[in-house]
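The values are calculated or read from the model by the stated rules, or taken from the named source; none is laboratory data. Note that the structure is a prediction, hence the values are computed from the model and not measured. Heads up, the Cβs are rebuilt from the backbone with ideal geometry, glycines too, and the neighbour counts pull from every protein chain shown. The accessibility values were calculated without ligands, DNA or RNA, using every heavy atom of the protein model including side chains. Shrake-Rupley method; radii C 1.70, N 1.55, O 1.52, S 1.80 Å.
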Amino acid sequence: MISAERIPNNVDLAGNKRLLRALEHWQPAYLDWWRDMGPPGFQDSHQVYLRTAVSVDAAGWAHFDYVKLPEYRWGIFLAEPTPDRRIGFGDFKGQSVWQEVPGEFRNQLRRLIVIQGDTEPASVEQQRSLGAHCPSLYDLRNLFQVNVEEGRHLWAMVYLLHSYFGRDGRDEAEALLERRSGNDDTPRMLEAFNEPIDTWLDFFAFTMFTDRDGKSQLLSLSESSLDPLARTTRFMLTEEAHHMFVGESGLARILERTCQLLRESGFSGDVRKAGGIDLPLIQKFVNFWFSQSLDLHGSEVSSNAAAYFSNGLKGRAEEDKFDDDHVLAANMYVLDMMDDSGRIIREEVPMRNALNEVLRDWYVGDCQAGVDRWNKRVLEAHGMSERIVLPSRRFNRKVGVYAGKHSDPFGNQLTTEEWERKKYEWLPSPSDKAFLHSLQVTPVYKPGQFANYIAPPQRGINRQPIDFEYVRTEG
Ligand SMILES: [Fe+2]
Ligand SMILES: [Fe+2]
């Protein structure tokens, strides 16, 4: 059951009046933001079959029911503490984790939390037009599930800001509601979170690749010496898994439908004419969102990353799976760099400075596993010879050593002129976008029906049938 408290939580808010007052003060501003920037047209007269986090109990942490979106119960939940937890990496390895923020790391920690926090409302803003163009009620519900949980992730970061950063934290919590995705004057902090997500192919590619960046960041923060940050992010990962499921399975269903249409036409027809999405177009969206998300991991060589690791603020994803000393004081990493003429040169850098790249390695591996599943379970199963592939790390980069240089998806260097001439062979063009918009002009709001470009899912949500009324109008 959802608790009767105004802000459901497992952090004993009732026993901390100062914090409770601060959060209750922030809550109306959050609700105003949600009404302004959440899904338009679905705030007052619709009920959505959603899961709500009600505890951190592995056996049943979520409660499923119909709710009106503004009445969703955004709560604060930290994973259970690990008894006698010790710092697992960096210069303080082996010491007890911190329950308070050490003064000397206050600014660094605040920055990490604010950057993570900023991505959460940003994605809700990016996705707000999609409800009017959904391919089914099932997908509409999944969109809203992702949206409300990104809202809860914002709450999670705001809880930390209010609890541990005093006045500065409260100011930052307010600023998180003031920036706007894509706004020229007050943009969100990271580039990928200012890109519009106005087609469902964008949405699925975003939840596959950019929410997966969320996973790598959250995994590395869940190693943090600041125990409340570690516990908060650990629980966020539970919800995040569903976001990536939405992306991976959504794209798989589009691929599935494309294969069906290709078969029906004897593999020779024009999929677009049959109302489907052709494989080269799907590949372009993989190229775009994967490369954007690579940038989110930051520069290959980074003194910030080194400081975060040394100070125990942010570890590597799955730190205990590394069989080194977790201190990395003397280790080196061999990095592909690019000189001014565009030649690739190998350089050894201290491992601590290469930790953005180490996390990117983890991320690429996790993406590749998902792409392999699409290829095997859909394309191969249909007897297709085409495959979806991840583009080279050098492709379409705006951050790090490859920024300002141009490569094709195979990593071959291009001149600026060649890039301008060819980029829409690899990235979504305005006419590709226009085509996708034409496919999603009419939303599908009838239970059990699906737009022609996407196959139904294999099963419904929470054991409900596929034709369940996942979103219903009131009355
Ligand atoms: Fe999130
Ligand atoms: Fe997410």
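I'm told Q116 meets every condition in (1) away from ligand 1 (no atom under 13 Å from the Cβ); (2) at negative phi except one. Can you identify the failing condition by its number?
Tallying (1) away from ligand 1 (no atom under 13 Å from the Cβ); (2) at negative phi, Q116 fails exactly one: (1).
Is there any pair with a first residue in the range 202-213 that is without any contact (Cβ under 8 Å) to a residue 60 or more places away in the chain and a second that is within 11 Å of ligand 2 (Cβ to nearest atom) and not in a helix (DSSP H, G or I) whose Cβ atoms are under 6 Å apart and which are 6 or more apart or on different chains, and what are they?
Matching pairs, first to second residue: none at all.
Pick out the one residue from L140, L161, L112 that is closer than 27 Å to A192 by Cβ, in contact with a strand residue (DSSP E or B) (Cβ under 6 Å, 6 or more places away or on another chain) and away from ligand 2 (no atom under 16 Å from the Cβ).
Details: L161 fails: in contact with a strand residue (DSSP E or B) (Cβ under 6 Å, 6 or more places away or on another chain); L112 fails: in contact with a strand residue (DSSP E or B) (Cβ under 6 Å, 6 or more places away or on another chain).
Selected residue: L140, the only one of L140, L161, L112 that is closer than 27 Å to A192 by Cβ, in contact with a strand residue (DSSP E or B) (Cβ under 6 Å, 6 or more places away or on another chain) and away from ligand 2 (no atom under 16 Å from the Cβ).
Name every residue in the range 351-387 that is over 18 Å from M244 (Cα atoms), assigned to a helix (DSSP H, G or I) and polar (S, T, N, Q), in order of residue number.
Scanning the range 351-387 gives N353, N356.
Tell me, please, whether a residue that is in contact with a helix residue (DSSP H, G or I) (Cβ under 7 Å, 6 or more places away or on another chain) and farther than 16 Å from Y470 by Cβ can be found in the range 140-147.
No, the conditions are met nowhere in the range 140-147.
Being away from ligand 2 (no atom under 16 Å from the Cβ) and in a loop (DSSP other than H, G, I, E, B) is the filter here; which residues of the range 218-236 pass it? Explain how you work it out, then say what you get.
Initial filter on the range 218-236 (away from ligand 2 (no atom under 16 Å from the Cβ)): 223-231.
Once the filter is applied, which keeps residues that are away from ligand 2 (no atom under 16 Å from the Cβ) and in a loop (DSSP other than H, G, I, E, B), the range 218-236 yields E223, S224, S225.
Identify, please: which residue in the range 237-266 is polar (S, T, N, Q) and either closer than 13 Å to N375 by Cα or open to solvent by less than 20 Å² (accessible area, probe 1.4 Å) (or both) and is, among those, nearest to ligand 2 (Cβ to nearest atom)? It would help to see each step written out before you state the result.
Filtering the range 237-266 down to residues polar (S, T, N, Q) leaves 238, 249, 258, 260, 265.
Filter again for either closer than 13 Å to N375 by Cα or open to solvent by less than 20 Å² (accessible area, probe 1.4 Å) (or both), leaving 249, 258.
On the way: S249: 15, T258: 26 Å.
Among those that are polar (S, T, N, Q) and either closer than 13 Å to N375 by Cα or open to solvent by less than 20 Å² (accessible area, probe 1.4 Å) (or both), it is S249.
Could you grab me the full set of residues in the range 441-472 that are touching a Gly at 6+ places or on another chain (Cβ under 9 Å) and among the aromatic types (F, W, Y)?
Passing the criteria: Y453, F468, Y470.
Going through K314, K321, K284 one at a time, which residue ends up being free of Cβ contacts under 8 Å to residues at least 40 places away in the same chain and among the basic types (K, R)? I'd like the intermediate steps shown before the answer.
Numbers: K314 fails: free of Cβ contacts under 8 Å to residues at least 40 places away in the same chain; K284 fails: free of Cβ contacts under 8 Å to residues at least 40 places away in the same chain.
Result of the check over K314, K321, K284: K321.
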